[in-house]
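A quick write-up on the structure given underneath.
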Amino acid sequence: MNNYSYFQVKDWLDDPAFQRWVYHGEQDAFWKEFIQDNPGQLSNIEQARELLLAVRGELDALPDSEVKARVSEILNAIPEEKLRALPWWRSNWLKIAAVLLLTLGIATALFREKENLQNLQSLVAGLGDGDQPGQLEIHNETNAIQLVTLPDGSSVILKKHARISYPAAFAADRREVRLRGEAFFEVVKNPEKPFLVYAGSMVTKVKGTSFSIKANDDEEDVQLVVKTGVVEVSALEEDGKSEVNAGKKLILKPNEQVTFNRKSLNMVTKTVQKPVLLNLPAESQNFEFKRTPLAEVFAELETTYGIRIQFDARAIAHCTLTARLGDEPVHEKLDLICTVVNARYQAQGNEVVVASEGCE
Amino acid sequence: MKNSERSPETYLITRWQQFCAGDKSAFGELTELNYAALYHYGTRFTPDGDLIKDCLQDLFLEIWEKRETLSYIAAIKPYLFQSLRNNLIRRIRRQSVFSDIRDDDVQDDISPESDWIIQETDQLTSHRLKQAIDALPKRQKEALYLKYYENLSYEEIATVMGLQRQAVANYLQYGIQKLREYWQHATIFLALCSEIAWH
């Protein structure tokens, strides 16, 4: 049914997902399984793969450390901009006075309406929360789960009352988010940019995995359980800054759970049968499909992520999916599904519209 | 086409605009994101890694200097590739008065990302394929590299290499055809060998 079965060598060469596998080893499990299920394609795939590798030539890759060193060399070579320091009375006093007057005016205006004042306070608090401007916060005030897609494409499923804050664009060397409440994470793999979750004085550091965190304000313990990959947990330093206490560090593997005490900063680990902490479908779903009708696959994604997927039921009536989707964020899962069944999708917030030309 | 592919692109464009406005951290990030790919592209032209790194430093310092005039650029990657290419070729020409630049690494390096597909005999095919690609004219090789490894469009390759779009299409078509012919010869040759060995 899927159009990959009819691919010629030329089609393989031009397929972006295939190229990414050959060059970067992406979605390795998917491709290995595909080849096992389609032995007829083996020789085409082999030829396309060799051609692509020959085109690339030797991979004389620079180590990350060298790239970083070179970049800082370049940055250091930039001449400093000369700032002329003028005494305050000669420079901006008129501007300063204007700003002061304006502020006074706004404050007076706001005092007239107490409601407005509260708005201002929460705005200021919101800014203070995130250390820097450009910080976004999402608070799930609904009774259902809410999917948040982070700037790097990672998925976060927020439970009721949970809130997450993150920058509109992640920093160059790290991805930092703050969590209060309960959430399940599927983090895009990017070893060069570690992903850090700050939740009630516990710091979680990962490179690309899936895990659940429970950090409710009214509970003394913060808990975390790993579904896939490796997770590093440590305590936040006393002064509340993003410095990580090097002394206390725990490495957790799948099905390992940690309970972290906010006061004592003690960590207790145990192994669990299933990585279920929040009773979310995403925690136990392994996304294995064998000739599953596409409509069912979509229904499963809808309940797992709390999204809505619109599609033409008649067009995809004959489409089935055989694939193992792992811990990729929801957009990567949709990418894979769409490549296999020859479809496209558009996502706007939590609404996804799939257009398919159908499957024979 | 797909959203998740588009969003990193818009992110880069935002960072580029910030860089043009004088944001040093955006500049650092863009440099870091593109450095390794540019370096690898540079190895197409010269085996001299230090020369490439020198050129890259000049290139990035130069674009920092003229950042205010660069905000019209939307296709960032092709722009950087094109600039590196021009700088490198200029430098190599200047240098080649003194030394001859040759491409003489003969060893066969196909990285074993999934060796389970490659059977032992295939080492011979990849070796032959390597010879085949080395036998291609430089510009064909380069066009193939930009198309498949860097995923640039025909228009973008044309910009980078300073060619007409049609010339790029011809290079690519001819190059891939040549490689596939080599592949077929190699496999037939191998099949014959094993046939002979069998009897």
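What follows is calculated from the coordinates using simple rules that are stated; it is not laboratory data. It should be emphasised that the depicted structure is a prediction, and the values quoted were computed from it without experimental measurement. Note that each Cβ is placed from the backbone with ideal geometry, even for glycine, and that neighbours are counted across all protein chains shown.
Brief remarks follow.
- In region A:278-360, the alpha-carbon atoms span a convex hull of 83 Å³ per residue.
- Region A:285-356, dipole about Cα centre (Lys/Arg Cβ +1, Asp/Glu Cβ -1), debye to the nearest 20: 260
- Take the Cα of A:E351, step 7 Å toward its Cβ, do the same at A:I251, and the gap between the two points is 4.6 nm.
- Length available on full extension from B:N151 to B:T69: 0.36 nm per residue minus the Cα-Cα distance, which gives 26.8 nm.
- Here region B:1-99 is treated with +1 on each Lys and Arg Cβ and -1 on each Asp and Glu Cβ, and its dipole about the Cα centre works out to around 360 debye.
- Extension gain for A:E192-A:N3 works out to 64.6 nm (0.36 nm per residue, less the C-alpha to C-alpha distance).
- Working note: Karplus 6.51/-1.76/1.60 with θ = phi - 60° gives region A:213-224 the couplings 10, 10, 9, 7, 4, 8, 10, 6, 9, 10, 10, 9 Hz, where Gly and Pro are set to x.
- Counts of other chain beta carbons within 10 angstrom of each beta carbon in peptide B:57-66 average 3.
- The A:D217 and A:T142 beta-carbon pair, evaluated with R₀ = 25 Å, returns a calculated FRET efficiency of approximately 0.85.
- Amide hydrogen proximity for A:L321: with H placed 1.01 Å from N in the peptide plane, the residues at 5 or more positions away or on another chain lying under 5 Å are A:R291, A:T292, A:L294.
- Inter-chain Cβ neighbour average for residues A:66-76, partner chain, 10 Å: 6
- Residues A:R291 and B:I92, FRET efficiency given R0 of 56 Å [Cβ-Cβ distance, rounded to 0.05]: 0.50
- Across region A:3-55, Cα pairs under 8 Å and at least six residues apart give a relative contact order of 50 percent.
- Note, ³J(HN,Hα) from phi for region A:6-13, Karplus 6.51, -1.76, 1.60, rounded to Hz, x at Gly and Pro: 9, 5, 9, 3, 4, 5, 4, 4
- Per-pair calculated FRET efficiency, R0 = 51 Å: B:A167 and A:S264 via Cβ, rounded to 0.05: 0.15
- With contacts taken as Cα pairs under 8 Å and at least 6 residues apart, region B:1-99 reaches a relative contact order of 31 percent.
- Computed over the alpha-carbon pairs of region A:135-271, the distance histogram in 10 Å steps reads 13, 47, 36, 5 percent, short to long.
- Each residue of region A:298-310 is assigned a 3J(HN,Hα), and the resulting list reads 4, 4, 5, 5, 4, 6, 5, 9, x, 10, 10, 10, 9 Hz, derived from the Karplus form 6.51 cos²θ - 1.76 cosθ + 1.60 (θ = phi - 60°), x at Gly and Pro.
- Note on B:171-182: average number of Cβ atoms from other chains within 10 Å of each residue's Cβ is 2.
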